[in-house]
Amino acid sequence: QLHSDVDKGDGSIKYILSGEGASSIFIIDENTGDIHATKRLDREEQAYYTLRAQALDRLTNKPVEPESEFVIKIQDINDNEPKFLDGPYTAGVPEMSPVGTSVVQVTATDADDPTYGNSARVVYSILQGQPYFSVEPKTGVIKTALPNMDREAKDQYLLVIQAKDMVGQNGGLSGTTSVTVTLTDVNDNPPRFPRRSYQYNVPESLPVASVVARIKAADADVGPNAEMEYKIVDGDGLGVFKISVDKDTQEGIITIQKELDFEAKTSYTLRIEAANMHVDPRFLSLGPFSDMTTVKIIVEDVDEPPVFTSRLYSMVVSEAAKVGTIIGTVAAHDPDASNSPVRYSIDRNTDLERYFNIDANSGVITTAKTLDRETNAVHNITVLAMESQNPAQIGRGYVAITILDINDNAPEFAMEYETTVCENAQPGQVIQKISAVDKDDPPNGHQFYFSLTAEAANNHNFTLQDNKDNTATVLTRRNGFRRQEQSVFYLPIFIVDSGSPSLSSTNTLTIRVCDCDADGIAQTCNAEAYILPAGLSTGALIAILACVLTLLVLVLLIVTMRRRKKEPLIFDEERDIRENIVRYDDEGGGEEDTEAFDMAALRNLNIIRDTKTRRDVTPEIQFLSRPTFKSIPDNVIFREFIWERLKEADVDPCAPPYDSLQTYAFEGNGSVAESLSSLDSISSNSDQNYDYLSDWGPRFKRLADMYGTGPDCLYS
């Protein structure tokens, strides 16, 4: 209540209120100064209101006292329950944790005034989750309450935590939240094999690196705590088998390291250990974190193909060997206990030319053809060994036959030499260095000897010098070579190799006489070159040749243009004439021309039309005949005419493959009165009576007058 000292209680003073909430939340009795709240107040929305009040003279409306300011403070009551703003919660704690291990802290907030009373003082308690967990009443820290909680027994717990204000007293408000606690795994379980021994059967033909078996030790832990390693610690198969771990399934995979042989060993025994890779020292008291088992592997007998005594046979034979010469022998046997006899053959895909044969029983390889080292120096063939009792069992052996060389090829020039000699060459001048090649391959290398043949040894033009290094030099014996006298010399050279017996050949060296420059480089080697200065120069000859070529090109162009003009107007698949107007400039022969068009076929439906060949395309199929037309009532005659023409166009292979306009000068069937032409009538001697025309009505009166027999007839 507001009251002014000036107020005598006679109603001359009135009170007014201003500020936040004035008139809306707070009102004042202008006569008494009492301030009232018009609605329910919430401290959590606004805790303070600042107002201004003033006393005025009711008559003059002037203040009688200065304006005064005051603050209204909202006193809190416990009208808000605690709330877990971050709930619900999830947390994890390792299994087997000791009592009192902190799990998670929960926090509840109360909107009431913490400075006034106990409305905002919260106490925590656990409603669900005992006796496994507990909560600190003041801090909200959740802790384990039981020791040795085992994840493998139960791995998840649902807790309900309550927060109550008024320090937990009766009448306080409360709120709850849920906390899901998951026990995380620790390595507290050692691996254990479900069985103390295993047995597996495998065929002896199983390839190396094949999987023999999969075994697994059980471990209740998960993740890294369940990771294991396997190893073979004992047994007679240490070098034959190995074991590895599958990272996804933690299984031990036993694989073969060496080929199995039932005839050599029928079974193997392995001692295998499985151990955890990550051991927790806290749980060593639970026992060793490893386990042992025994694996017995039984090898099963399989019908195996024959086996050669060697994987690769190396043999040699001279290329001079005669057909039937023995080269070598291969041997194979059946590894099975039955020891079936073996028959041999050559895989002809490796000996397409059939150079070799093999004895089916003994395995002796002989030559079947004459051999040539220069054609093929090494033959790689495959020999097949088949069991007599089971031909499907085939073993393969590989034979490399090297052909030994003999001296059966004579030496020859290493290349085709183009030798020239200058007209101004001096005696003893080197004009060519030659060498030789030989297809043979002697063990100590080639050694060639060069000389001139007997008939060329005493020539006066050239001589030959053997350089003793498988080369020879050709030199001039004189000077004064002239092309007019002799433009080409042929020098026969005799070459002998060092083989036993030695072979020789005569090779002819062609030497041309040339005109050379000052450096001895040949310029012109033709004898006819002397004629050119007296006639035309090289430039003139080139000009003449260019003119001739130009004339030839012009002639070809003219001939091509004339051929194009004479091309027939034939429509082919490469020329699209749609939407193009083709102008023929072809005039018909008038009524006398009966070759171009058969007008009767267009004007009369009842005649039989012969098949006409189109003149603008080349027909591929000739139809023998067309169906004849029957008499049809006049009301459908044109429709039938067009329909028949349409069918003819559809089945006509000569018709163009696109829509086209067909025009027919068809006027219908002939009249029952036939022709009424006056030209025909005047030229005929017919005695036909045309008096009936007068009965046909006014339209035929003129004809009746012309052809009638009455007294007024113009032509009677």
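Surface composition of segment 412-524: carbon and sulfur make up 45 percent of the accessible area, probe 1.4 Å.
Looking at segment 293-334, which trypsin sites (Lys or Arg not before Pro) are in a loop (DSSP not H, G, I, E or B) and have at most 11 other Cβ atoms within 10 Å?
Values: sites: Lys296, Arg311, Lys322; in loops: Arg311, Lys322.
The qualifying sites are Arg311, Lys322.
Between Asn376 and Ser451, residue separation times 0.36 nm minus the direct Cα-Cα distance comes to 23.8 nm.
Annotation: extensible slack from Leu352 through Lys154 equals 63.7 nm (criterion: 0.36 nm per residue apart, minus Cα-Cα distance).
Ordering Lys647, Lys143, Lys39 by accessible surface, largest first, gives Lys39, Lys647, Lys143; the 1.4 Å probe counts only protein heavy atoms, with every chain in place.
Here's the picture: charge each Lys and Arg Cβ at +1 and each Asp and Glu Cβ at -1 in segment 118-185, and of Gly172, Thr144, Tyr157 the one pushed furthest to the positive end of that dipole is Gly172.
Within segment 83-103, list the residues whose amide N lies under 13 Å from a label point set 7 Å along Cα→Cβ of Thr109. Correct set: 83-87. The slack in the chain from Arg563 to Asp57, taken as 0.36 nm per residue of separation less the alpha-carbon distance, amounts to 169.2 nm. Placing dummy labels 7 Å off each Cα toward the beta-carbon, the span from Cys547 to Ala220 is 11.6 nm. Across segment 117-134, rounded Karplus estimates of 3J(HN,Hα) from the backbone phi angles (6.51 cos²θ - 1.76 cosθ + 1.60, θ = phi - 60°) give x, 10, 4, 10, 8, 9, 10, 9, 8, 9, 9, 9, x, 7, x, 7, 9, 9 Hz, Gly and Pro being marked x. Using a probe of 1.4 angstrom and keeping all protein chains present, the accessible surface of segment 64-172 works out to 57 square angstrom per residue. In this simple spin-label approximation, Thr266 and Glu640 carry label points 7 Å from Cα along the Cα→Cβ vector, and these lie 10.1 nm apart. The modelled label-to-label distance between Thr294 and Asp42, using points 7 Å beyond Cα along the C-beta direction, is 8.1 nm.
At an R0 of 45 angstrom, the distance between the Cβ atoms of Arg396 and Arg192 translates into a FRET efficiency of 0.40. Between segment 312-364 and segment 133-197, the C-alpha centres lie 82 angstrom from each other.
Using bins of 10 Å that start at zero, the share of Cα-Cα pairs per bin across segment 197-300 amounts to 15, 45, 26, 12, 3, 0, in whole %. Assuming charge only on the beta carbon of Lys and Arg (+1) and of Asp and Glu (-1), the dipole of segment 13-73 about its Cα centre is about 80 debye to the nearest 20. Charge dipole of segment 307-404 (Cα centre as origin; +1 on each Lys and Arg Cβ, -1 on each Asp and Glu Cβ, all else neutral): 80 debye, rounded to the nearest 20.
The values are calculated or read from the model by the stated rules, or taken from the named source; none is laboratory data. Note that the coordinates shown come from a computational prediction; the quantities given were computed from them, not determined experimentally. Neighbour counts run over all protein chains shown; Cβ positions are idealised from the backbone, glycine included. The area values use the complete protein model at the heavy-atom level, side chains included, leaving out ligands, DNA and RNA. Shrake-Rupley method; radii C 1.70, N 1.55, O 1.52, S 1.80 Å.
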